[in-house]
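Engineer: I'd like to ask you about the structure that follows.
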Amino acid sequence: MGKSVALFVTCLTDTFAPRVGVAVVRVLRHFGCDVRFPEGQTCCGQPAYNNGFHREAAAQGRRMIDAFDFADYEHVVTPSGSCAAMVKHHLPELLADDAEYAERSWRLAERTYEFGTFLADVLHVDFTQIPAGTSRPVTYHYSCHLRGIQTIEGASAQVSRLAGIDYRPLAQIEQCCGFGGAFGAVFPGISNAMSQDKVTAIAATGAEVAVVNEAGCSFTIEGTARRRSVSVQFKHLAELLAEGLGLMDDQP
Amino acid sequence: MKCSHTWFDENVARTLADESLRAVIGQTSQSKIESRVVATAKVPNFEQLRDLATQIKQHTIEHLDHYLERFIEQVRANGGIVHFAATAADANACIARIAQDNGLKLAVKVKAMTTEETGLNAALAAAGVQVFETDLGEFIVQLDNDRPSHIVTPIIHKNRQTIARAMQRELGVPYTEDPETLTRYAREHLRDVFRRCDLGISGVNFGVAETGTICICTNEGNGRLSTTRPRVHVALMGIEKVIPRLVDLSVFLKVLSRSNTGQPITVYTSLMNGPRRESDPDGPEQLHVVLLDNGRRAIQQGRYREILHCIRCGACLNACPVYRHIGGHAYDSVYPGPIGKVLTPLLNDPKHYADLPQASSLCGFCRDVCPVRIDIPDLLVRLRRDQADGKAVPWLRRLAFRALFWALSTPRLMRWSQRVLRWGTVVGAKGDWNSRLPGPAAQLTRHRDTPRPAAKTFRDLWQSERDRGDQTDQ
Ligand code: SF4
């Protein structure tokens with residue numbers, strides 16, 4: 001039975017990692033979902049929320065709710081854990097006193113899933129049946145904003161259990177990569193120190209592919225790795241699965 | 001994005017430049033976090049204990065007056081004397097007066113964050129009372145004229161060499177890096193102090209309302225000696241340290257040290273019920289409990305009440321990636337790390353500490369390890385909100401955010417901004433990456449390459465993806 005899914009691609013993925021969006025669409029379709037892309041979407045309001053601009057975050061949240069009208073699909077799926085957390089946890093809290101939007105925010109929250117959790121919890125995908133799609137060693141970075149959505153064990157198992165994977169666990173996996181939105185721009189020194197640690201840990205695994213399921217983390221770590229000439233390829237879980245399932249060519 | 005260079009930036013730059021310091025703090029923190037995992041795994045219901053600890057704290061802080069009243073009654077019934085200090089200065093004056101009234105000249109101290117908060121040592125020195133720290137870490141801090149950099153492990157920033165040099169210089173003992181010998185030197189030095197002291201000063205980890213018991217957790221036994229040996233014992237207790245019943249104590253003792261060092265329980269857990277009774281073999285003639293407000297009541301009545309649940313275990317510091325890289329001194333506060341980022345601006349001038357709530361990636365590891373589940377990232381966001389509402393965000397940053405929110409407000413504007421950004425980053429670009437942005441944006445590429453908006457965004461690709469899907473569907 002196919003599920004009808006609206007893709008919430010998120011502003012960062014749309015702008016910087018469109019291939020991830022394509023991979024999400026293909027994987028969801030592979031598992032029988034009917035995927036739509038509501039054209040009115042932009043951003044969930046997370047940058048405004050995290051930085052304390054809550055009036056602006058609420059305004060953005062209302063636009064988000066308007067863009068995702070539920071009439072013709074059951075679920076909303078997003079490749080970003082932090083945006084999923086924003087929609088699921090913070091939007092209802094921001095709009096709690098809004099006569100028109102409070103209830104709609106709850107409905108949106110209930111229907112929104114981060115990509116990996118949607119595969120596991122709604123589609124009941126058996127990850128051990130999906131081929132790794134690469135013989136190169138793979139590691140997994142746990143993005144902090146998955147906390148409260150998915151455990152470290154649950155999230156990394158979606159990579160480590162793929163059929164035939166050469167999986168390399170990451171040391172100090174619970175440590176942040178240094179992204180943190182505006183944090184990286186306001187405190188570049190601290191942010192960089194954190195990113196350096198992360199790249200060092202990734203390099204130490206010997207992995208040639210690092211799975212990072214959050215656009216912000218991904219380009220923070222990749223940007224640091226590039227500067228250090230550490231050659232690791234960064235992929236979202238959706239890309240890894242799409243390649244394993246033959247829905248996409250491996251990136252050169 | 002930073003409009004001016006602040007004292008915090010300066011402190012941060014100093015520690016970031018000190019590789020060996022960061023290595024020490026990083027390794028010690030990580031090993032404690034790992035011990036915590038091992039220790040908590042051994043308790044089958046640890047998560048439920050955390051829930052319980054959280055609920056007890058929530059309930060107590062909600063009914064703070066009720067439990068404080070009962071606690072005060074019980075302390076008095078046990079023969080203790082209770083004092084109230086609205087501010088740090090009041091607390092110091094109160095303790096100085098106790099010393100003067102009783103002619104006390106030599107004080108031994110058990111490590112206590114409240115006394116750091118009020119700056120008690122300096123105040124007592126000014127009043128002619130000599131104070132000796134008896135916790136080994138604090139003893140070294142005092143010896144070296146330093147400041148603690150962690151709420152549980154005050155000398156986490158010090159290596160053996162600096163400790164050895166300080167001891168050699170100040171105590172005139174031969175230089176050695178052997179920890180046991182160093183400890184022995186300290187002990188020998190303190191032994192004489194313990195013989196002569198007449199005032200014992202401590203904090204309070206938990207104050208039990210039901211019985212008036214005060215509980216002090218230490219690892220060195222100095223707490224016991226410092227509170228029984230001198231004639232007078234003064235305990236400086238934050239008002240939020242009260243808990244309802246003696247049985248509740250068992251919950252907190254189970255989570256406290258497991259969360260930090262991974263020990264099942266602190267080596268010495270002292271429970272004290274008032275001054276020495278006739279039948280007691282030892283104990284002080286007088287017990288004074290000084291209840292410290294110093295901003296806590298205001299917090300209790302506001303939107304940050306949750307921060308008063310803190311039991312000062314130190315786990316959040318060990319977890320925090322920012323703390324690991326900048327160290328405790330950078331916060332310029334008695335309370336560094338995640339707990340400090342919330343507590344410090346609340347207890348002090350929020351303008352002076354405006355950087356603290358901002359200097360976080362909101363990663364949430366602190367919340368994961370906190371035994372009383374304080375949602376520190378959420379509290380940091382609230383503090384940021386206060387700054388934004390109160391126009392305390394620097395104008396340039398505010399402007400940048402305004403521009404961002406505007407650009408993200410409609411699909412059309414977003415599209416347009418993506419294109420502007422793609423072409424705006426063309427100078428110095430290598431394909432979809434840029435490693436040398438010009439002008440004020442240069443800061444963004446100082447340490448790492450930065451991505452450019454893709455030539456074709458997802459929205460551009462969606463058209464063909466949709467058609468592809470339609471074909472396969474048919
Ligand atoms: S906030 Fe939580 S983790 Fe941090 S010191 Fe307090 S109790 Fe411990």
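Engineer: First obtain the Kirkwood hydrodynamic radius of chain B from its Cα pairs, then insert it into the Stokes-Einstein equation at 4 °C and 1.567 mPa s, and state the resulting D in µm² per second as a whole number. Write down the numbers at each step before the final one.
Structural biologist: On the way: Rh = 25.0 Å.
The estimated diffusion coefficient comes to 52 µm²/s.
Engineer: OK, next. Just to confirm a number: summing +1 for Lys and Arg and -1 for Asp and Glu over residues other than B:Arg160 whose beta-carbon lies under 9 angstrom from that of B:Arg160, what do you get?
Structural biologist: Working: positive: B:Lys158; negative: B:Glu177, B:Asp178.
Summing Lys/Arg as +1 and Asp/Glu as -1 gives -1.
Engineer: What whole-number distance in Å separates the alpha-carbon centres of the stretch B:40-54 and the stretch A:139-182?
Structural biologist: The distance from the Cα centre of the stretch B:40-54 to that of the stretch A:139-182 comes to 24 Å.
Engineer: Something else now. Tell me, what is the FRET efficiency for B:Asp282 and A:His89 to the nearest 0.05, using R0 = 56 angstrom and their Cβ-Cβ distance as r?
Structural biologist: Details: r = 54 Å, r/R0 = 0.96.
That pair, B:Asp282 with A:His89, gives E of 0.55.
Engineer: Over the Cα atoms of chain A, each weighted equally, I'd like the Debye log10 I(q)/I(0) at q = 0.07, 0.11, 0.16 Å⁻¹, rounded to two decimals.
Structural biologist: Rounded to two decimals, the profile gives -0.23, -0.57, -1.19.
Engineer: Which residues of the stretch A:186-220 end up with at least 40 Å² less accessible area in the presence of all protein chains than when their chain stands alone, using a 1.4 Å probe?
Structural biologist: Going by heavy-atom accessible area, the residues of the stretch A:186-220 that drop by at least 40 Å² are A:Val186, A:Phe187, A:Pro188, A:Ile190, A:Asn192, A:Ala193, A:Met194, A:Phe219.
Engineer: To continue, here is another question. Before I look further, what does chain B give for accessible area per residue, probe 1.4 Å, in whole square angstrom? All intermediate terms of the calculation are to be shown ahead of the outcome.
Structural biologist: Details: 20620 Å² over 474 residues.
I get 44 Å² per residue for this part.
Engineer: Please report, in whole Å, how far the alpha carbons of the stretch A:4-122 spread along each principal axis, starting with the longest.
Structural biologist: Projected onto the principal axes, the Cα atoms of the stretch A:4-122 cover 40, 29, 25 Å.
Engineer: How big is the stretch B:326-386 in terms of Cα radius of gyration and Dmax, in angstroms?
Structural biologist: 10.8, 30
Engineer: Tell me which DSSP H helices of chain B clear both cut-offs, 27 Å or more of axial length from alpha-carbon atoms and a mean Kyte-Doolittle hydropathy of at least 1.6. Intermediate results must be reported in sequence, preceding the final value.
Structural biologist: Numbers: long enough: B:19-41 (33 Å, -0.05).
The qualifying helices: there are none.
Engineer: Between the stretch B:279-319 and the stretch A:15-90, what is the C-alpha centre distance in whole Å?
Structural biologist: 44
Engineer: From a point 7 Å beyond the Cα of B:Ala13 in the direction of its Cβ, which residues of the stretch B:406-445 have a backbone N at a distance under 15 Å?
Structural biologist: Inside the label zone: B:443.
Engineer: In Å and on Cα atoms, what radius of gyration and Dmax does the protein assembly as shown show?
Structural biologist: Cα-based Rg and Dmax for the protein assembly as shown come out at 28.1, 95 Å.
Engineer: I've got another one for you. How many nm separate the modelled label positions at A:Leu245 and B:Gln301, each set 7 Å beyond the Cα in the direction of the Cβ?
Structural biologist: In this crude spin-label approximation the distance works out to 5.8 nm.
Engineer: Additional query: Say R0 is 25 Å: what FRET efficiency, to the nearest 0.05, do B:Gln443 and B:Ala122 get from their beta-carbon distance?
Structural biologist: Once rounded, the FRET efficiency stands at 0.05.
Engineer: Taking Cα centroids, how far is the stretch B:180-247 from the stretch B:74-153 in Å?
Structural biologist: For the stretch B:180-247 versus the stretch B:74-153, the Cα centre distance is 11 Å.
Engineer: Here is a follow-up. Taking all protein chains in place and a 1.4 Å probe, what share, in percent, of the accessible surface of chain A do carbon and sulfur account for?
Structural biologist: Values: 4230 of 8530 Å².
Summing carbon and sulfur atoms, their accessible area is 50 percent of the total for chain A.
Engineer: Am I reading the A/B interface right? What is its buried accessible area, both sides, 1.4 Å probe, to the nearest 100 Å²?
Structural biologist: Numbers: alone 11440 and 23460 Å², together 29160 Å².
In total, this chain pair buries about 5800 Å².
Engineer: Using 10 Å bins from zero, what percent of all Cα-Cα pairs in the stretch A:127-244 falls into each bin?
Structural biologist: The distribution over the stretch A:127-244 is 14, 49, 30, 6, 0, given as percents.
Engineer: Considering only protein heavy atoms, with the full assembly of protein chains and a 1.4 angstrom probe, order A:Asp34, B:Asp135 by accessible area, largest first.
Structural biologist: Numbers: A:Asp34 60, B:Asp135 25 Å².
Result, largest first: A:Asp34, B:Asp135.
Engineer: Find the eigenvalues of the gyration tensor of the Cα atoms of the stretch B:75-155, then list the square roots of 5 times those eigenvalues as equivalent ellipsoid semi-axes, largest first, in whole angstrom. Each step should come with its number before you reach the end.
Structural biologist: Working: eigenvalues 106, 45, 31 Å².
Its equivalent ellipsoid spans semi-axes of 23, 15, 13 Å.
Engineer: Would you mind working out the accessible area per residue for the stretch A:4-122, using a 1.4 Å probe, and quoting it in Å²? Could you put the intermediate results ahead of the total?
Structural biologist: Numbers: 3780 Å² over 119 residues.
With all protein chains present, the stretch A:4-122 gives 32 Å² per residue.
Engineer: Count the DSSP beta bridges whose two residues both fall in chain B, then state the antiparallel fraction as a percent rounded to the nearest 5.
Structural biologist: Bridges in chain B that DSSP calls antiparallel: roughly 30 percent.
Engineer: If you count the DSSP beta bridges with both ends in the protein assembly as shown, what percent of them are antiparallel, to the nearest 5? Don't skip to the answer; put the middle values down first.
Structural biologist: Working: 12 of 55 bridges.
Taking every DSSP beta bridge with both residues in the protein assembly as shown, the antiparallel ones total about 20 percent.
Engineer: Per DSSP H run of n ≥ 4, the term is -39500 (n - 2.57); total these for chain B, divide by its residue number, and report the mean residue ellipticity at 222 nm rounded to 500 deg cm²/dmol. Write out the running numbers ahead of the final one.
Structural biologist: On the way: 22 runs with 244 residues, N = 474.
Helices in chain B give a 222 nm mean residue ellipticity of -15500 deg cm²/dmol.
Engineer: Something else: Given just the C-alpha atoms of the stretch B:1-124, how large is their convex hull per residue in cubic angstrom?
Structural biologist: On the way: hull volume 32.2 nm³, N = 124.
In the stretch B:1-124, the Cα convex hull volume per residue is 259 Å³.
Engineer: Could you order B:Arg382, B:Arg14, B:Arg22 so the one with the most accessible surface comes first? Probe is 1.4 Å.
Structural biologist: Working: B:Arg382 70, B:Arg14 150, B:Arg22 40 Å².
The ranking, largest first, comes out as B:Arg14, B:Arg382, B:Arg22.
The values are calculated or read from the model by the stated rules, or taken from the named source; none is laboratory data. Bear in mind the structure is a predicted one, so any value in this text is a computation, not a measurement. Backbone-built Cβ (ideal geometry, glycine too); neighbour counts: all protein chains shown. SASA here: full protein model, heavy atoms, side chains in, ligands and nucleic acids out. Shrake-Rupley method; radii C 1.70, N 1.55, O 1.52, S 1.80 Å.
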